[in-house]
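Everything on this sheet refers to the single structure shown next.
The values are calculated or read from the model by the stated rules, or taken from the named source; none is laboratory data. These figures come from a predicted structure and were not determined experimentally. Cβ atoms come from the backbone with ideal geometry, glycine included; neighbour counts cover every protein chain shown. Just the protein is used for accessible areas: all its heavy atoms, side chains included, with ligands, DNA and RNA removed. Shrake-Rupley method; radii C 1.70, N 1.55, O 1.52, S 1.80 Å.
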Amino acid sequence: MEYKQLYIMIHEKGYGLYMSNIMEDTKYMFYVLLHPFDGFYEVKFRGKKNYIIATVVLVLFGIIGILDYQYTGFIFNDNPLQHMNSIKVFFTTLFPLLLFLISNWSITTLFDGSGSMSDIYIVICYSLVPKIIFDIIGIIFSNVIIKEEASLLYSFTAIGTIWFCFLVFCGLCVIHEYSASTNILTLLASFISAIIIVFLCMLYITLMGRLFGFFATAFNELIKRW
């Protein structure tokens with residue numbers, strides 16, 4: 001019985017310590033929003049990052065994309081809800097972020113950036129928090145305001161987007177140890193890289209589709225001849 005009680009006590013303490021670390025990392029994530037340079041420095045060089053929290057934020061952003069698609073006030077919502085596919089909306093929302101993650105990492109390796117892909121992932125996910133907050137409030141407001149107040153709604157949600165872009169810019173400067181001008185140059189190169197990646201992916205999918213179509217046609221012809 002004593003061994004069992006000891007096991008339960010150790011297990012409960014371990015769980016409590018884990019939850020305490022999660023809460024501490026969550027509080028630090030909000031600290032980063034107001035102190036991006038100091039915050040991302042701690043993330044990069046002192047390991048104050050939590051991939052679980054970052055992934056939860058990323059998934060939450062995808063869910064907010066679904067809510068925005070469906071529950072934005074009907075006055076401002078032109079989406080074809082009768083053809084809505086939640087999974088498609090979810091991945092469409094996250095795709096630009098993941099594309100930027102890959103393109104920025106591929107470019108910064110050529111520009112001697114010191115940040116790893118995991119560092120860029122943390123920067124993007126942590127920076128999403130203000131955008132998520134403003135988007136949620138924007139969805140709520142879109143259901144209670146009139147069309148003449150649309151400019152106020154768009155200006156309000158734009159604050160979250162601008163804040164997100166500012167945090168990403170600061171975070172990339174810190175983790176890659178870039179100056180502002182070098183960071184701007186790599187961001188431009190990242191956008192070009194993203195376009196090239198999308199083009200190559202579409203080209204690959206098209207070629208593979210034609211290849212499979214050729215083999216399917218040849219297979220059908222062989223079956224008919226036999």
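Report Trp163's accessible area, 1.4 Å probe, all protein chains in place, as a number in Å² to the nearest 10.
80 Å²
In whole percent, how big is the carbon plus sulfur part of the accessible area of the chain, probe 1.4 Å, protein atoms only?
Values: 10510 of 14710 Å².
C and S atoms contribute 71 percent here.
How many percent of all Cα-Cα pairs in segment 175-226 sit more than 13 Å apart?
Working: 943 of 1326 pairs.
Considering segment 175-226, 71 percent of its Cα-Cα pairs are separated by more than 13 Å.
In Å², what does the accessible area per residue of segment 87-207 work out to with a 1.4 Å probe?
On a per-residue basis, 54 Å².
Putting +1 on Lys and Arg Cβ atoms and -1 on Asp and Glu Cβ atoms, find which of Phe191, Leu222, Val174 reaches farthest to the positive end of the dipole of segment 132-226.
Leu222
Using the Cα atoms as the points, what is the convex hull volume per residue of segment 68-200 in Å³?
Measuring per residue, one finds 122 Å³ for the Cα hull of segment 68-200.
Identify which of Val56, Val198, Val168 has the largest mean-square fluctuation in a Gaussian network model of the chain, with springs joining Cα atoms closer than 10 Å.
Val198
Based on Cα positions only, what radius of gyration and what Dmax would you give for segment 89-139, in angstroms?
13.1, 41
For the chain, take every pair of Cα atoms, bin their distances at 10 Å starting from 0, and report each bin as a whole percent.
Taking all Cα pairs of the chain, the binned fractions are 7, 23, 26, 21, 13, 7, 3, 0 percent.
Provide the descending list of Cα extents for segment 47-130 along its principal axes, expressed in whole angstroms.
47, 26, 20
Using the 2.2 N^0.38 Å rule of thumb for compact globular proteins, work out how segment 131-196 stacks up: its C-alpha Rg over that value, please.
1.50
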